[in-house]
Amino acid sequence: MSYPDDLMHKAIRDESVPHCIREECNGLVKPEIVFFGEQLPAEFFENRGLPSQADLCIVMGTSLSVQPFASLPSFCRHETPRLLINQEQVGNLGSRADDVLLLEDCDSGIKKLAEACGWLEDLEALWAQTAHLGKAPRSETTEKSQKSRDELLQDEVDKLTQEVEKTLKLSQEQHDWAENHVDNRFARAPEEDTKDDVGGPASEQTSKTPSTGASDSTLSHVFPWLDRKSSL
């Protein structure tokens, strides 16, 4: 039993999970896709020979790393041109003489293909209809998708350069602060030593300790026995 399209579209707009319309069932409705790790339907294996009948093979937006789907481009005849529109080379595409590689994002690659075939105006008209309100406003995501691989790589390099410069600037500021702090500490150290020698506790202790020499001679007229040696 097929699920009504209007109910499916409503569930997509509401971001809700669709359920079976039969009350006695009320089970979850599975979309017509194959989830990762799920068994492919029998139709796939029954039609694996169809690529050998193709006049042109276009592969785009895939890593070609999941089997058995990844093997489909190899089923094309050797004289059949194969076009890859992808950010990177995948599979064995590029190993044949008639293979063509457009290593860029899919939007710009499709635009180049349509321009080469004389379909660019029709393609832009379809894009405008998809946007509903004519041309869609340029967003950050749109601008990013229109950049080439080298431009995206340069953007990442510039971003990393700015982060490194910011980190180095912070490190330099911390180094300057620490160096200035240490210099101030060393500048205050002689002053503290002088204070200890002149008016600090050490000076006070010295003044309270009996001394010999001039001090003794000064007090000898009051305490004459100070100069006498002990008989012990």
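Read-outs throughout are calculated quantities, based only on the coordinates presented, and are distinct from any laboratory measurement. Values in this document were obtained by computation on a predicted structure and should not be read as measured data. As a convention, Cβ positions derive from the backbone with ideal geometry for all residues, glycine included, and neighbour counts pool all protein chains shown.
Structure values in brief
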{"item": "Gyration tensor verdict on the range 45-102 (Cα atoms; rounded if a/c is under 1.5, prolate if a/b is larger than b/c, oblate otherwise)", "result": "oblate"}
{"item": "In nm, spacing of pseudo-spin labels at ILE58 and VAL17 (7 Å Cα→C-beta vector)", "result": "3.7"}
{"item": "Rounded to whole Hz, the Karplus (6.51, -1.76, 1.60) HN-Hα couplings of the range 26-40, x for glycine and proline", "result": "6, x, 6, 8, 8, x, 7, 9, 10, 6, 4, x, 8, 5, 5"}
